[in-house]
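Peer 1: Starting off with a structure, shown below.
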Amino acid sequence: MALNLRQKQTNCIVRMLNLNQPLNSNEEVYKVLIFDKFCRDILSPLIHIKDLRKHGVTLYFLIDKDRQTIPDVPAVYFVQPTQSNVDRIVADASRALYQSMHLNFSSSLPRPLLEDIAAGALKAEAVHRIAKVFDQYLEFVTLEDNMFSISQPSCYVQLNDPSAGDREIEEIVERVASGLFCVLVTLGVVPVIRCPRNGPAEMVAGALDSRLRDHLMSKNNLFTEGGSLGSSFQRPILCLFDRNFELSVGIQHDFRYRPLVHDVLGLKLNAVVVKGEKGGPKSYELDGADPFWMANGSLEFPEVAVEIENQLNKYKRDVDEVNKKTGGQEGAEFDGTDLIGNTKHLMNAVNSLPELTERKQLIDKHTNIATVLLGEIKERSLDSYAKKENDMLTKGGIDRNELLSVLRGKGTKVDKLRFAIIYLLSSENTPQSEIEAVETALKESEVDTCAFQYVKRIKSLNVSLASANSASRSNIVDWAEKIYGQSISAMTAGVRNLLSGDRQLALTRTVEALMEGRPDPEIESYLLFDPRAPKSSSGTGSSHSKGPFKEAIVFMIGGGNYMEYGSLQELAQRQQPTRNVIYGTTEVLTGAEFVDQLTLLGQKMGCGSSTVSSSH
């Protein structure tokens, strides 16, 4: 059975809302739910507010808000294990806000904080109010069956910041490893871990490997894969990468429905806000409960517009059909048989009304979203940006006049900046005169060029590395890491991925090779960590890999997006038999949000001018 992260996390949350009791207990207990903002975001894509009532939750509050006493009701707390949350829990217990408190922490509660709860409850004589304390290992946000984010903002900046010290880098790596550990606990699997050498991916792989090894040594560990799932169970592969592996994907425009809605309209936690028919803002849920979104999210925008039209025509035909059947026959004499037949049709019509109403709401929703998108596409020539960026990355360049006409044409400042950076990444050797012309065109449009200058510096470093011999290469890397931050060697190692010839994403090609487990020059240097194997074999090369793998978890450190997710799902579907690929990232970023992080790094390195603020 394929791993379904959304289902597994939902099951854990439903059990938690049921006071961590088996779900088949008949007695419904009414309760209050208390969460922090992070855990609210975990719940939001999984359980709609209206569905909380089904699980006995009558009221819900943020932990940091003032709350009234509700003495006869148990409270379910779902919060991160932080000092401020623990202090608030102790205060609630001492004020006797609730009859009992079921404490659920999103990840492992450190011993000192557990002792703080115990000491605080003892001091307030409220120990009896603390019913249970659970580590839930749910510190990640599942957006689709096969997509998650660990919601660690600005990881890319933090890992590439020239001023970041070893301690800060280690803290980020530990947070990422902790988020991944929660995902693996929820899935109940210990994977084989693969990653490129050097940089954040290797650091996270090492930290996660150590954490899994330590955990597996304890008798009551959380992984049950070997025993309960039978001997036929095959472990998945976890492939770790960092954003520098394929920088262009974080920046380029895409013309498919799901990535467009995210990039242009700011899809967040499976909800999007657009201008409604009457001018006011209207919020829509876009998730597994929306069949149109699930079926058409990966289509190009024009195909989606055609599909909306088809659905509308089908709806109209079905409504006409119902009207015909319930309208009776013109001129027919009224007798008993006609009454019976008509009553039957009326009953069918009444039964079909809810389904027809639901379909109409769905059509109206996507018509509205598509109309807003179309306005943005026309105003900013987004179709042209997507096509020309794709052509540049495929062909390795663009005609100079065409390049400059795009930069002087339609589009926001950020659209133009993204296009210019893709131009920079698309070819190995860009003439200096063309780069200067691009910079001039950007300045004419008052675009902040910090991000462009940052990528240009990194790229020139790649060229230096490519032409240097091995002795001087290590010197360049040492020098570069001092100036540019921690993960420069990973970025320089991934240069050929930035310049890939065909347009299957380099990430997808690499994941396919790792899942196949066949010898491949692109992955032969990849490290392998197996937390279940003896320690001595960890980190060794691909000769220890046991492929092919039916299931993979692919994790991008430094920000991911729906374009990457879509590419991996296409890979999974075209395999025979179909395989399962779960995609995760430190945070889901639009192109503009990722360019903001590049701009910040450019400013930290003293690149370009930051006098003009970029307009989204």
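The values are calculated or read from the model by the stated rules, or taken from the named source; none is laboratory data. No experiment lies behind these values; they were computed from the predicted model shown. With ideal geometry, Cβ positions are generated from the backbone for all residues, glycine too; neighbour counts draw on all protein chains shown. Keep in mind that these areas ignore ligands, DNA and RNA; they rest on the heavy atoms of the full protein, side chains included. Shrake-Rupley method; radii C 1.70, N 1.55, O 1.52, S 1.80 Å.
Peer 1: Would you work out if region 1-87 is rounded, prolate or oblate? Take a ≥ b ≥ c from the square roots of the eigenvalues of the alpha-carbon gyration tensor; rounded if a/c is under 1.5, else prolate when a/b is larger than b/c, oblate otherwise.
Peer 2: Note, shape of region 1-87 comes out oblate.
Peer 1: Please give me the summed charge of the neighbours of Leu97: other residues whose Cβ is under 10 Å from its Cβ, Lys and Arg +1, Asp and Glu -1.
Peer 2: Neighbourhood net charge equals +2.
Peer 1: OK, next. Given a 1.4 Å probe and the protein chains all in place, what does the accessible area of Glu389 round to, in Å² to the nearest 10?
Peer 2: Using a 1.4 Å probe on the heavy atoms, I get roughly 0 Å².
Peer 1: Past the 23 Å Cα-Cα mark, which pairs from Lys37/Lys65; Lys37/Lys416; Lys314/Lys378; Lys268/Lys365?
Peer 2: Lys37/Lys416; Lys314/Lys378
Peer 1: Let me ask another. Using 7 Å Cα-to-Cβ label points, what is the Asp64/Glu516 separation (nm, one decimal)?
Peer 2: 5.0 nm
Peer 1: Under a 1.4 Å probe, what is the accessible area of region 236-314 per residue, stated in Å²?
Peer 2: The answer is 39 Å² per residue.
Peer 1: In addition: Which one, Pro74, Thr10, Ile63, projects farthest toward the positive side of the charge dipole computed for region 1-100 from Cβ point charges (K/R +1, D/E -1)?
Peer 2: It is Thr10, whose Cα lies furthest towards the positive end.
Peer 1: Checking the cross-link filter: which aspartates and glutamates have an alpha carbon closer than 18 Å to that of Lys278, excluding same-chain neighbours under 8 positions apart?
Peer 2: Within the straight-line limit of under 18 Å, Lys278 reaches these aspartates and glutamates: Asp364.
Peer 1: Expressed as a whole percentage, what fraction of the accessible surface of region 361-460 belongs to carbon and sulfur atoms when a 1.4 Å probe is rolled over the protein heavy atoms?
Peer 2: 47 percent
Peer 1: Among Ile34, Val90, Leu52, pick out the residue whose Cα is farthest towards the positive end of the charge dipole of region 23-104, where Lys and Arg carry +1 and Asp and Glu carry -1 on C-beta, about the Cα centre.
Peer 2: The residue sitting most towards the positive pole is Leu52.
Peer 1: At 1.4 Å probe size, with the rest of the protein present, what percent of the exposed accessible area of region 1-134 is carbon and sulfur atoms?
Peer 2: About 53 percent, which is the carbon plus sulfur part of the accessible surface.
Peer 1: Can you compute the radius of gyration and Dmax for region 15-141, using only the Cα atoms, both in Å?
Peer 2: Rg, Dmax (Cα atoms, Å): 13.8, 39.
Peer 1: Let me ask something else. Would you tell me the accessible area of Phe35, worked out with a 1.4 angstrom probe on the heavy atoms of the protein chains, in Å² to the nearest 10?
Peer 2: Approximately 10 Å² of Phe35 is accessible to the 1.4 Å probe.
Peer 1: Going by average Cβ neighbours within 10 Å, how do the peptides 353-360, 258-265, 64-71 rank, with the highest at the top?
Peer 2: So the order, starting with the most tightly packed, is 258-265, 353-360, 64-71.
Peer 1: What shape does region 138-259 take by its C-alpha gyration tensor, where a ≥ b ≥ c are the square roots of the eigenvalues and a/c under 1.5 counts as rounded, a/b above b/c as prolate, and the rest as oblate?
Peer 2: oblate
Peer 1: While we're looking at this one, here's another question. How high is the FRET efficiency between Asp287 and Gln432 when r is their beta carbon distance and R₀ equals 56 Å, given to the nearest 0.05?
Peer 2: Taking R0 as 56 Å, the efficiency between Asp287 and Gln432 is 0.70.
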